[in-house]
Every structure is written in structure tokens, then in C-alpha cells.
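Comments concern the structure below.
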Amino acid sequence: MGVATAGFQNDPGCPTTPESECVDAHSDWYHYVTDPTLRASDHTYLSGDPLSAAPGSYELFERDFDLVKDSLHGNAVRLSLEWSRLFPQATDDLSPTDLDGLRGRADARAVAHYHQVFAALKRRGLKPLVTLNHYTLPDWIHDTVACFKDLATCPARGWVDGDRTVREIAKYAAFAAHEFGGEVDLWATLNEPFAVVLPGYIAPSPDRTNPPAAPFAFDAARTVLVAMIEGHARMYDALKSGDRIDADGDGDAATVGLVYNVTPAVPRDPENPRDVQGAKNFFYLYNEVFLNAVMRGDVDAKLDGTTVHRAELEGRLDFLGINYYTRAIIDGTETPFFAGLSPLTTFNPLSSTIYTETPQGIYDMVMWASERGYPVIITENGASDPSDPAVASRYLATHVGWLARAAADGAKVRGYFYWTLVDNYEWNHGMQMRFGLFGLEGAQKVRTARPAVDIFRQLADARGLTDELAMRYPLLTGSVGNP
């Protein structure tokens, strides 16, 4: 068991390290949350919280790893490398095989920092799971301010510039494999690709926005989806060929997966055929389109239910990282809600219930993935309700309980990472959502344990649900939906 973190969300806010080193000022998300024009916009839905409010893990990572080892009794940490921190300048002129050139272009201070992070993990016996792209892009790949103003004419359009971004992110993956392969064996390419597409190019909302927050940009959304599929495949290939060092001695130098926020879909009224069909369509578009492409090579580029097989994309997955939080309750619609996106959008995504506590959903989705033949790692799972400490404790215990049941029923469950260690900068919500096992206090960013820390430690020690916890937090039955 371990905890999951992300660079952009955790790094800023250092108590003593100069901001010029602590904060990565070269990512699209940095510009997104700091640019006055975007902060004043009605549809970026930004909290306005400064990045200085974040937990400062760039400086305090040793303290954080001590908490994982000593307070939680965990054995693993999921973290991200920041592409823009390593490569603040463009790499277009360099060949993918020019590793010396890439090493010369990389920021030496950032490279040294990540080596220090991995060394600190190793000293504590903590295994790293490294995500290469947790949403953020370098500003030379994605000019988020210009693209927010005019996506058609901005000079660097991120994933909309599919060929370029796929090419450059594969170079970055190749560099990471060669530079850090001696310290890392477990890799994830992308984090939650559909959570880039939906809030970035289809429906930005208070629940989540993603730069460039371009509503109803349906052509761009389809382009981004296919580019991220291709990006994952090329990153997978680069990591498998570049990381030849078995860092932990388990016989496998590079195990490479994808992190995906799978979401069960249940019709609001199971007796209403429109709701039933809407739930099926939601499940297909939200979960299956991307995963069918990376698992089987079947690409639905038009999002209409028809696929083209592309062998060069097939089988690029050693494990599926599942981010599970909640289910979606679907109201079906008579006609497509986003007619310009897909004829299958016969549901209202804006009416889905957000963050309802449905722990059996983790069982359903793990079994769904396992039936397709893939080992599973729970890469994120957590609750945000520090006003009621009992919520996170119950959430953690019941979800791990259902996960244990999935393993007992034959699922290949390889690990569990709770989101997250310490309250961090939750994207457009800033510090308004508190998922941390530890809270933050004062300018020195003191970590303060919440009650769920004790639950986590008991689960980690027992490698599952104890009899006492099972009695305190019974696993209530009742399906959350049939994928």
C-alpha cells in the first residue's frame, strides 16, 4: 500500500527554498492558474488560491517520505516527473535517439533533484510508481493563455498539435527511461486522459476545468483523444526499449501502464430505457473508447461506435492503473446532448452525481478490467471531507475491503495507492478540496495527521481489512451499475 501524489499539486509552497526553484514556472498549468486574464474569466472556474499555499513537497519530500514509512507503514509512493521542469526549453531540433543532446538540453538542477527524490525513497524501502505526464505540459508545447483566447490561432496547441506533441513526449519518455531507469521499474505514461479531453475541450465546469478550457471544441476534442492514445503507445515503446536496468531485482526492468479514471455508470431509473441506454453510452465513451485502443488497437476516432484496428497501438499495456472515486448516475436524453461530438451522447453529463460514496464500484471496475486480462493497480482512491473525519476513514476501509474481495474473486490486484498524502493544490479548486491523510498548518507547512492515518496503518500492517475494521466498516452490498 502507498500514497499517490503529483508534481504540480505538491511541489509549490516551499517554506525556505526560493520560489524560482520550488515553483515550475514553465508548465501550461502554472500559466493557467496565475495569468490574470484566465483567473478573471467566468469559465475557467479557478479558485484564485496562490500556488504558495501548496504543501512545498519540492523541499519537504524527505519529511513526506518519513510519514509514508513511519506513520502509515506504507511501502510505495506514486509521484510524477514534470516534463516542463526537466525540459523548460523546446526539444524539436533533437533526434529521438540523441540522448546526449537531450541530456544536455535537460535542466541539470531538475535532473539532480529527481535523483535525490529516488535516493530518498530507496533509503526508506519505498517503491516508486512514476507517472510521466500528470496533466501538465511545457509551455513551449502548450501556450495555454494564447489558446484560451483563440484555440485556432495559438502558436503551441498542446495535444491539438497531435504529431508534434506525440513526437516530443516520446523523446521525453526516452530520456526518462535512460536517466532514471536504474531507480524506477514501475512507470505510468499518462494520467486520466479523458479528464484532459472532457473539461479541456468539451465541457469545462466548476467540478473540473483543464487548459485551455475551450467549451464545445468538438473537433479538437477528437484530435486530442487520438493524440493521447498515440502518445501513450509511443511513450510505452520508449520506456520499454530505454529502461534496461532492473532496479529492484524482480526480473523486470520496466513495467509500463496507464492511469485511467474509470467510472461506473448507472441509469437514474433502471426501468427507463432512455436512462439505461444513456448509461451504456456514457460508459462506452468515458471508459471504453480509450482503453479499447491501447488494449486492442481498436480506435474509434469519430466517437460513433465504429472502430479501425491499428496494430501499432495494440497491447501497449502491462497493467491498468485505476483511479476510482465514485459512480455516475445518468439521465438519458432523447437526442445527443453534444450532437457535434458524438451521436452516442444521449445522456446529460452535467446531471451526473459527483462524489457519492459507492465503494462496491471499485470491485465492479476491477473485475471489469481483470476480465479483459490485465493486472490492476489502484493508482488513486480517496475522499475529501476534512469537516467530518469519519468520512475518509470509512471510505478507505470499505474501498480496500471491496478491493480485497475482488482479489479473492480472481482479480490480479498488484497494489493500492490512496489519494493523497497531504492536502495539495487540487487543480482549478486550489486548496478548496482537502484529500490529504495529513492536513497543513502554518507557514512551515507542518503536516497534521487526520484519523484516517490510523486506519491506513492498520490496513498496511494487515495487508488488508482486519476483523475489527470489517466489523466497524461492513461492506454493504448492492450493485452500482452494470458495466
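Six or more apart or on different chains, Cβ under 9 Å: which pairs go from a residue in segment 274-288 that's without any contact (Cβ under 8 Å) to a residue 24 or more places away in the chain to one that's of a type in the set (Gly, Ala, Ser)? Could you list them?
Every condition considered, the pairs that remain are LYS280/ALA265.
Does segment 392-406 include one or more residues that are among the basic types (Lys, Arg) and within 19 Å of THR326 (Cα to Cα)?
Among the residues of segment 392-406, at least one is among the basic types (Lys, Arg) and within 19 Å of THR326 (Cα to Cα), which makes the answer yes.
From PHE194, PHE218, which residue is within 18 Å of the chain's Cα centre (by Cα), among the hydrophobic types (A, V, I, L, M, F, W, C) and modelled with pLDDT of 95 or more?
Sole residue among the options that is within 18 Å of the chain's Cα centre (by Cα), among the hydrophobic types (A, V, I, L, M, F, W, C) and modelled with pLDDT of 95 or more: PHE194.
Could you check SER84 against (1) within 17 Å of GLY181 (Cβ to Cβ); (2) of a type outside the set (A, V, I, L, M, F, W, C); (3) out of contact with any helix residue (DSSP H, G or I) (no Cβ under 7 Å at 6 or more places or on another chain); (4) buried (at least 23 other Cβ atoms within 10 Å of the Cβ) and say which number it fails?
Among (1) within 17 Å of GLY181 (Cβ to Cβ); (2) of a type outside the set (A, V, I, L, M, F, W, C); (3) out of contact with any helix residue (DSSP H, G or I) (no Cβ under 7 Å at 6 or more places or on another chain); (4) buried (at least 23 other Cβ atoms within 10 Å of the Cβ), SER84 violates only (1).
For the condition crowded, with 19+ Cβ neighbours inside 10 Å and either touching a strand residue (DSSP E or B) at 6+ places or on another chain (Cβ under 7 Å) or over 21 Å from TRP29 (Cβ atoms) (or both), what is the one hit in ALA108, ALA177?
ALA177
Residues of segment 212-227 being more than 11 Å from LEU303 (Cα to Cα) and of a type in the set (Phe, Trp, Tyr), which ones?
Answer for segment 212-227, where residues must be more than 11 Å from LEU303 (Cα to Cα) and of a type in the set (Phe, Trp, Tyr): just PHE216.
Per-residue answers, yes or no, for (1) modelled with pLDDT of 95 or more; (2) buried (at least 24 other Cβ atoms within 10 Å of the Cβ); (3) under 24 Å from the mean Cα position of the chain (by Cα):
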| site | (1), (2), (3) |
| --- | --- |
| PHE118 | yes, no, yes |
| ARG124 | yes, no, no |
| LEU129 | yes, yes, yes |
| ASN133 | yes, yes, yes |
| THR136 | yes, yes, yes |
| ALA146 | yes, no, no |
| LYS149 | yes, no, no |
| THR153 | yes, no, no |
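Taking only segment 437-480 into account, find how many residues are of a type outside the set (A, V, I, L, M, F, W, C), farther than 17 Å from ALA397 by Cβ and buried (at least 17 other Cβ atoms within 10 Å of the Cβ).
2
Is there a residue being of a type outside the set (Val, Ile, Thr), assigned to a helix (DSSP H, G or I), surrounded by fewer than 21 Cβ atoms within 10 Å (Cβ to Cβ) and in contact (Cβ under 8 Å) with a residue 40 or more places away in the chain anywhere in segment 308-318?
The answer is yes, given that some residue of segment 308-318 is of a type outside the set (Val, Ile, Thr), assigned to a helix (DSSP H, G or I), surrounded by fewer than 21 Cβ atoms within 10 Å (Cβ to Cβ) and in contact (Cβ under 8 Å) with a residue 40 or more places away in the chain.
Please list, ordered by residue number, the helices (runs of 4 or more DSSP H) wholly in segment 1-101 having 2 or more residues that are free of Cβ contacts under 8 Å to residues at least 40 places away in the same chain.
19-22, 36-39
The values are calculated or read from the model by the stated rules, or taken from the named source; none is laboratory data. Note that this is a predicted model, so its numbers are computed, not measured. Here the Cβ is made from the backbone with ideal geometry for all residues, glycine too, and neighbour counts use every protein chain on show.
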